[in-house]
Structure formats: C-alpha cells, structure tokens
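S.K.: Sending over a structure as structure tokens; questions will come in a sec.
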Amino acid sequence: MTLEPIFPKILSVRRIPGADPALLRAYGADPGRHTSLGLITVDQDDPTYVALDEATKHAEVDVVYARSFYAGSAHASGALSGEILGVIAAADPAEIDAGLDAIIRCLEHDACFYAANAAGTVTVFPHVIASLGRYLSAQAGIAPGSPMAYLVAPPMEATVGLDAALKAADVTAVKVFPPPTETNFAASWLSGSLPACEAAAMAFAAMVVEVAGAPRER
Amino acid sequence: MNELHTSRTRELVAVLRRELGGAAPLPPPPPVPEIPLPPARIWPTESHRSSYAERTAGHTTALLGVGHCGTRYHTDLVLQFQAELAVAHGAVATELEADWAEKNGLLPLHTRVSSHREFLLRPDLGRRLNDASVERLRAEARKGVDVQPILADGLSAVACMGAGMELLGHFTRACEARGLSVGTPMCAHHARVWLEDEIGEIVGAKVAAILLGERPGLGTGDGLSAYLVYHPKVGNTDGNRNMMSNIHARGIHPNEAANKLAVLARAMIQQQTSGVSLDLRPLLAELGDAVSGKPQAPQARVRLVEVPR
C-alpha cells in the first residue's frame, strides 16, 4: 500500500556516564562541559537526525556526533549498526536519560519513512518539523524554533520532488544534499512558514509517489 | 498530549494518501505513553519546637533554629543569607588601597605576591616578604623590642582599613601601659598570618603580633583577628600561636581586644612560650570568658536587610 509508514527500528541504545575525556574529544564533545554520552543506532538515518534534534528541546543535551553509514542499513557492518550512530553529550547522566527518552519517543511515534510505491521499494521522508531544536537549526543555519521541511527520497525522485516542493509554496531551500550522500539518497531542507513547509512537503511526497509509479514518462 | 509531542507529518501523509486514492486508512500510530506526574508534595502537619534548640541558637549568630516553610527556608531568611554572603564576597574581593599604609604613617611592607588573585590562590607566597621589603625592614624598623605589632590586610582589606588603626593604637598603648617596648608600626599588604614569623625574626622581637582581616563569614566582612607568637621564627606552626578572632563592632570591641592581647603578650614574655604550652590559668581574671571554657553569653543577630511588611 502506498504511503504506508515504515517504522524505524532502534537497534541499540547505550549510556556512558563519566566518559573518558579522550572519547569525549574524539566524538566532538567538550570534556570541560560534558561528562556523559548517550548513543543510539537506528536503521533509518533521517528520522534519527530529527529525533536527535527533538532531544535538544527536551533536555540539556548537545548532539555532538551524528553520521550516516555508507550505503545504508541494507549493507550494515553488523546487526546493531543500522544506518546511523547518533551521540548526545551532557553535563550529567540524568540529562542523557531525558534526551534518549525524547529520541526514542520521536522515533517510535513520529518521524519515519513512508513507502512511495505499493511494493515499498521506493521510500520517502516528507517530514515537517514545526519548531527546530538547537541541533538542526545550527546545521541549517536558521533560528531555533523556526519550522523546517526535511525531505528525503532516492536520487531521481528527490530531485524531481524538490522542484515540485519549491514551486508548491513560499519556501526557500536552506540546504540541498544532492546524491550521492552516504546512504545514496538525496535530501533537502526547506525553510518558510509552517503552512508553507507543510504544503511543500506534501507536494514533494506526491511527486515522489508519481515518479515511482511512472518512472519513464517524460 | 499527543499533539504536543509529535509533528503533524503523519496526519498530512494520511490526507495525501486519501487524495491519491488509497482506500484503507493509515494504521493508527502507537499511543504515546503517559508521562507520570511529579510526586505529590507532602508538607509537615505538626510544628516542632524545642526549647533546648532555641536556647542554643541564642548563643550564636550562626543560622541555627531559623525555622522553615515546607522543605525550604523562609524568604526573609534567604534574603538575609544572600545579603550576608554578598558582604563576605565583597570583602574578599577588596584590595588594600595602594598608599593606605603611608597615609596612616605605617611602614609599608609587601609580600612575594604579585596580584590579588595570586594572593588568594597562593598562601605560601603571602607568608614571606619580598626582597625590597626585607631591605626596608632591616633599615628602618626598631630592633630588639618586646612586642612587634603588624597590621595587615589578610583576607579582608575592608576590616584592615576599617578598625585596623583603632586596634593597632589601642594595642600599642595597652602594651606600653604594661611596660613592654613596642616596635615600629607597620602594615603588610597581601599578608597571611605566618608572615609575622619572618618579620618578628628580622626585627628580633620577643613577641610578634599580626592584626589582620579574618576570613569573611556570613555578615562579617569587617572582622579582625590577632595572632601572637613568642620567639617568632620561620618554621613556627599554628601550635605556637595564640589568637583572638571576631574583633569588630558586633563582636569583641577593639579596645577590649587590645587589652586582652597585651595581657597575652606579657604572659608569653613571662612564661617564655606561646601556643598550646602557654598556661592560661593565671590569666583567668584578666581574660575572662575567652579562657574560662564556659559557653558564650547570648548574642543577637544583626539584620542586614529589612523586609517591608
């Protein structure tokens, strides 16, 4: 069935209270401010970036590391690797707990990929964030609290879809990630009012479904 | 609650799915677990009063027996505490004015400390004179005296500049009244207690007495302490000293303190010792409460903040 949600699988969650300073530095944390780390691996990278950002709204945590793995979760290095490792850092372990809770809540109940064709062989991530946290706002270079459309699809679908999204509403592309990314998808971040971001995201999703259904119709 | 914690993306996709001709509705998202409420607050229902605690609290100006509201202090008390803490912080941060010693006719001395911050962090440097001060002390100070008083800033320059001259004057007169010769009046900047050993050794005093601002406590940024040592020499320890603290307007008055210090100094010269080996029993009549071992007389707290009612 088209546009069926594909729920992300949380593969591992660990907490390191009082992490070694060398480890903190290696993963981008500041031993002067951070003592503890929270780590998570998931089989979908983009919902996890959204969830990591969500954590910064619920707890005093900093997202110090978040990287997607090459070629995605279908080619993972191990059963727990998935597609992404996200690391949050905080001054105390209780903040890490609160942050991990927010990440898990977001992954289990909110952000997910959707099937763009009946077989589920094409997927789309047309996610709208109503209010950005400290992580993605810094990455996108827009103010925390602003809305943003986070759009991901495979290369062809994403490219045609981005054009449709930009033409559907008054939005600007703050960042475009043309293929190949680590996972060989393509992504874009659009900024505008919340209704504009929502309209753009749905136009993107509709176009991805259309391309997936009729790939050779010019 | 659900609205609060999730984006609208899933609803939007459901609408798009209907528009694209999808028949079955999207499966409902798994429910968001309920967030537990914070634990109920439990207030004590009985008030506990202890006459023993009240009487004990009357003997000190410390924050004892001050009551509470629920699990916290009363607002009034918190304000007093903050005001008193601010007084203490201010006193620690204050520096002795550069020419204060000369203005008051005292021989200015300086320790090996180079800055106020270094003074706070390096007690060892505050215990020794710098070379220029050693030279000046050798050249200008009277030698071979009975008592060498040294005024110093210590941890509260506020106290030194406040009642310092008064205490020094009273102490000098009290010593002379007891037939003791007193050394050149001097003032040491950035000084710690043990500096009296080096100064006393250089001038060859029988007793060195350093009068300096004491470590500020709550509401006492202006307290002076006096430390006396017989046969001052570098290497003495605190076991060799006798001291008197809380010399300020609300504690021991400088005049009263000066007399007791002079009594101590004379006793040290008579017994040729000081510190733990000094026998205080013959001084009971003159020193009173300080050596009697009895509890202090009741004291009243001085309010620094008035709360309008």
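S.K.: Quick one: which residue in A:A90, A:A111 is crowded, with 20+ Cβ neighbours inside 10 Å, away from chain B (no Cβ under 14 Å) and in contact with a strand residue (DSSP E or B) (Cβ under 8 Å, 6 or more places away or on another chain)? Spell out the reasoning first.
M.R.: On the way: A:A111 fails: away from chain B (no Cβ under 14 Å).
Just a single option satisfies the conditions, and that option is A:A90.
S.K.: Which numbered condition trips up A:P47, out of (1) open to solvent by 10 Å² or more (accessible area, probe 1.4 Å); (2) within 30 Å of A:A212 (Cα to Cα); (3) modelled with pLDDT of 95 or more?
M.R.: (1)
S.K.: Answer with yes or no whether B:A83 is modelled with pLDDT of 85 or more, more than 30 Å from A:V209 (Cα to Cα) and not assigned by TED's automatic domain parsing to the domain that holds B:I150. Full working, then the answer.
M.R.: Working: modelled with pLDDT of 85 or more: yes; more than 30 Å from A:V209 (Cα to Cα): yes; not assigned by TED's automatic domain parsing to the domain that holds B:I150: yes.
It is true that B:A83 is modelled with pLDDT of 85 or more, more than 30 Å from A:V209 (Cα to Cα) and not assigned by TED's automatic domain parsing to the domain that holds B:I150.
S.K.: What's the number of the only condition in (1) buried (at least 23 other Cβ atoms within 10 Å of the Cβ); (2) in a strand (DSSP E or B) that A:G82 fails to meet?
M.R.: (2)
S.K.: Still on this structure: Out of the residues in segment B:218-247 that are among the hydrophobic types (A, V, I, L, M, F, W, C) and open to solvent by 10 Å² or more (accessible area, probe 1.4 Å), state the one that is modelled with the lowest pLDDT.
M.R.: B:L218
S.K.: Any residue that is away from every other protein chain (no Cβ under 14 Å), over 21 Å from A:R218 (Cβ atoms) and assigned to a strand (DSSP E or B) - is there at least one of those in segment A:131-143? Reasoning before the result, please.
M.R.: Narrowing segment A:131-143 to residues away from every other protein chain (no Cβ under 14 Å): A:134-135, A:137-143.
Restricting the remaining residues to those that are over 21 Å from A:R218 (Cβ atoms) gives A:134-135, A:137-143.
Next, only the ones that are assigned to a strand (DSSP E or B) stay: none.
No, because not a single residue in segment A:131-143 is away from every other protein chain (no Cβ under 14 Å), over 21 Å from A:R218 (Cβ atoms) and assigned to a strand (DSSP E or B).
S.K.: Follow-up. Considering only segment A:173-189, I want to know if a residue exists there that is within 14 Å of chain B (Cβ to nearest Cβ) and either under 19 Å from A:F113 (Cα atoms) or out of contact with any Ser or Thr (no Cβ under 8 Å at 6 or more places or on another chain) (or both). Give the steps one after another, and end with the answer.
M.R.: Residues of segment A:173-189 that are within 14 Å of chain B (Cβ to nearest Cβ), as a first pass: none.
Taking every residue of segment A:173-189 in turn, none turns out to be within 14 Å of chain B (Cβ to nearest Cβ) and either under 19 Å from A:F113 (Cα atoms) or out of contact with any Ser or Thr (no Cβ under 8 Å at 6 or more places or on another chain) (or both).
S.K.: Pairs please, first residue from segment B:134-160 and free of Cβ contacts under 8 Å to residues at least 40 places away in the same chain, second anywhere and open to solvent by less than 10 Å² (accessible area, probe 1.4 Å), Cβ atoms under 8 Å, 6+ apart in sequence or on different chains.
M.R.: Close Cβ pairs (under 8 Å, with a partner that is open to solvent by less than 10 Å² (accessible area, probe 1.4 Å)) amount to B:R136/B:L109.
S.K.: Right, something else. In segment A:1-43, what residues are open to solvent by less than 20 Å² (accessible area, probe 1.4 Å) and either in a helix (DSSP H, G or I) or away from chain B (no Cβ under 14 Å) (or both)?
M.R.: Correct list: A:A19, A:L24, A:A29, A:H34, A:S36, A:L37, A:G38, A:I40, A:T41, A:V42.
S.K.: Of everything in segment A:50-62, what is surrounded by 24 or more Cβ atoms within 10 Å (Cβ to Cβ) and among the β-branched types (V, I, T)? Give them in sequence order.
M.R.: A:V50, A:V61
S.K.: I would also like to ask the following. Could you tell me whether segment A:58-75 includes any residue that is within 14 Å of chain B (Cβ to nearest Cβ), at pLDDT below 95 and in a helix (DSSP H, G or I)?
M.R.: Yes - at least one qualifying residue is present in segment A:58-75.
S.K.: Let me ask something additional. So for segment A:114-130 (the condition being in a helix (DSSP H, G or I), away from chain B (no Cβ under 13 Å) and over 18 Å from A:E198 (Cα atoms)), does at least one residue qualify? Outline the logic, then answer.
M.R.: Filtering segment A:114-130 down to residues in a helix (DSSP H, G or I) leaves none.
Among the residues of segment A:114-130, not one is in a helix (DSSP H, G or I), away from chain B (no Cβ under 13 Å) and over 18 Å from A:E198 (Cα atoms), which makes the answer no.
S.K.: While we're on this one: Test A:T123 against the criterion of being of a type in the set (S, T, N, Q), in contact with a Phe, Trp or Tyr (Cβ under 6 Å, 6 or more places away or on another chain) and either closer than 24 Å to A:H58 by Cβ or buried (at least 17 other Cβ atoms within 10 Å of the Cβ) (or both), and give yes or no.
M.R.: Values: of a type in the set (S, T, N, Q): yes; in contact with a Phe, Trp or Tyr (Cβ under 6 Å, 6 or more places away or on another chain): yes; either closer than 24 Å to A:H58 by Cβ or buried (at least 17 other Cβ atoms within 10 Å of the Cβ) (or both): yes.
Yes.
S.K.: Okay, next question. Does any residue of segment B:143-158 turn out to be within 30 Å of B:R303 (Cβ to Cβ), assigned to a loop (DSSP other than H, G, I, E, B) and among the small types (G, A, S)?
M.R.: Scanning segment B:143-158 turns up at least one residue that is within 30 Å of B:R303 (Cβ to Cβ), assigned to a loop (DSSP other than H, G, I, E, B) and among the small types (G, A, S).
S.K.: Moving to a separate point now. Within segment B:188-217, can you find the residues that are open to solvent by 20 Å² or more (accessible area, probe 1.4 Å) and touching a Lys or Arg at 6+ places or on another chain (Cβ under 8 Å)?
M.R.: B:R192, B:V193, B:W194, B:E201, B:I202, B:G204
S.K.: Then there is this: Run B:A267 past the list (1) surrounded by fewer than 22 Cβ atoms within 10 Å (Cβ to Cβ); (2) over 27 Å from B:T220 (Cβ atoms); (3) aliphatic (A, V, I, L, M) and report the number of the one that doesn't hold.
M.R.: Failed condition: (1).
S.K.: OK, next. Restricting to strands (runs of 3 or more DSSP E) lying wholly in segment B:196-309: which have 2 or more residues that are touching a Gly at 6+ places or on another chain (Cβ under 6 Å)? Explain how you work it out, then say what you get.
M.R.: On the way: elements: B:207-213, B:224-230, B:241-247.
Filter on segment B:196-309 gives B:207-213, B:241-247.
The values are calculated or read from the model by the stated rules, or taken from the named source; none is laboratory data. All of these numbers come straight from a predicted model, not from anything done at the bench. Quick reminder, even Gly has a Cβ in these numbers, built from the backbone with ideal geometry, and neighbours come from all protein chains shown. Side chains are part of the model used for accessible areas, which takes the heavy atoms of the whole protein and leaves out ligands, DNA and RNA. Shrake-Rupley method; radii C 1.70, N 1.55, O 1.52, S 1.80 Å.
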